[in-house]
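Asks: Submitted below is the structure of interest, expressed as structure tokens.
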Amino acid sequence: FKTHMEGLIVSFKSGDYDITYCSSTLRDLVTLFYEMMQQNQLDMWVVFGYDIREYYKQIPDIDAFHQWGNYLCETIVRSIRHQKESIDVDLKEKIIRIIDDNLETCISLDYLADELHMRPDAASRMFKQMMGKGYAEYIKEEKLNRAIRLMEQGYSVKDIAEKLGYSSSQYFIKVFKEVYGITPHQYRKK
């Protein structure tokens, strides 16, 4: 957008037009800004504190409009990014809550995808992007973290394996030892 704006400003200046002559084009630009904000559900009063559709009419010359247009563009882009980041944070918190609430049941990627109203392949890509690791790896880590908390509460290895959905206590011990280098019994002693 900035490149197009630069080109427009250059053509206005090289044609030696004043701001009055360019007002309909500038109005169209401001309308585009306004529509972009609406598409992204941004309130111009919250973002700018004034109505941009009226403000541009007070701008005295092309250079001032150019500066203001760049400011609008940067502010809108920053607001959209901030909005996306806050949505990502909310989604990440929702994912963590779903997993945490269902960790002791067999929580599959399909289940998570259903909860998020997504296809499993899309949920998998999004999960890896947000969490920095694959779904299976994350679940394994979370189950082992929960296992440690359960050990600290006095649960037996057999009970922990059952509670966290491992096929057997031997398999749980194997997974635990692969990650921590010691068995759950040795961990408990330490």
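The values are calculated or read from the model by the stated rules, or taken from the named source; none is laboratory data. Values in this document were obtained by computation on a predicted structure and should not be read as measured data. Heads up, the Cβs are rebuilt from the backbone with ideal geometry, glycines too, and the neighbour counts pull from every protein chain shown. The protein model used for the area step is the full one, side chains on, heavy atoms only, and it has no ligands, DNA or RNA in it. Shrake-Rupley method; radii C 1.70, N 1.55, O 1.52, S 1.80 Å.
Asks: Just checking, does segment 161-169 include any residue being of a type in the set (Phe, Trp, Tyr) and in contact with a Pro (Cβ under 6 Å, 6 or more places away or on another chain)?
Replies: Looking through segment 161-169, none of the residues is of a type in the set (Phe, Trp, Tyr) and in contact with a Pro (Cβ under 6 Å, 6 or more places away or on another chain).
Asks: Name the helices (runs of 4 or more DSSP H) wholly inside segment 116-185 in which the number of residues that are over 30 Å from Leu91 (Cα atoms) and either open to solvent by 50 Å² or more (accessible area, probe 1.4 Å) or in contact with a Phe, Trp or Tyr (Cβ under 9 Å, 6 or more places away or on another chain) (or both) is 2 or more.
Replies: Result: 135-152, 157-163, 169-180.
Asks: Here's another thing I want to ask about it. From the list Asp51, Asp100, Asp88, pick out the single residue that is among the acidic types (Asp, Glu) and free of Cβ contacts under 8 Å to residues at least 40 places away in the same chain.
Replies: It is Asp51.
Asks: Tell me whether segment 93-112 contains one or more residues that are under 30 Å from Gln38 (Cβ atoms) and of a type outside the set (D, E, K, R).
Replies: Scanning segment 93-112 turns up at least one residue that is under 30 Å from Gln38 (Cβ atoms) and of a type outside the set (D, E, K, R).
Asks: Counting only residues that are touching a Leu at 6+ places or on another chain (Cβ under 7 Å), give me the helices (runs of 4 or more DSSP H) lying completely in segment 11-90 with at least 1 of them.
Replies: Passing ranges, in order: 23-39, 52-55.
Asks: Scan Met37, Met44 and give me the residue that is surrounded by 12 or more Cβ atoms within 10 Å (Cβ to Cβ), farther than 20 Å from Thr3 by Cβ and free of Cβ contacts under 8 Å to residues at least 12 places away in the same chain.
Replies: That would be Met44, the only listed residue that is surrounded by 12 or more Cβ atoms within 10 Å (Cβ to Cβ), farther than 20 Å from Thr3 by Cβ and free of Cβ contacts under 8 Å to residues at least 12 places away in the same chain.
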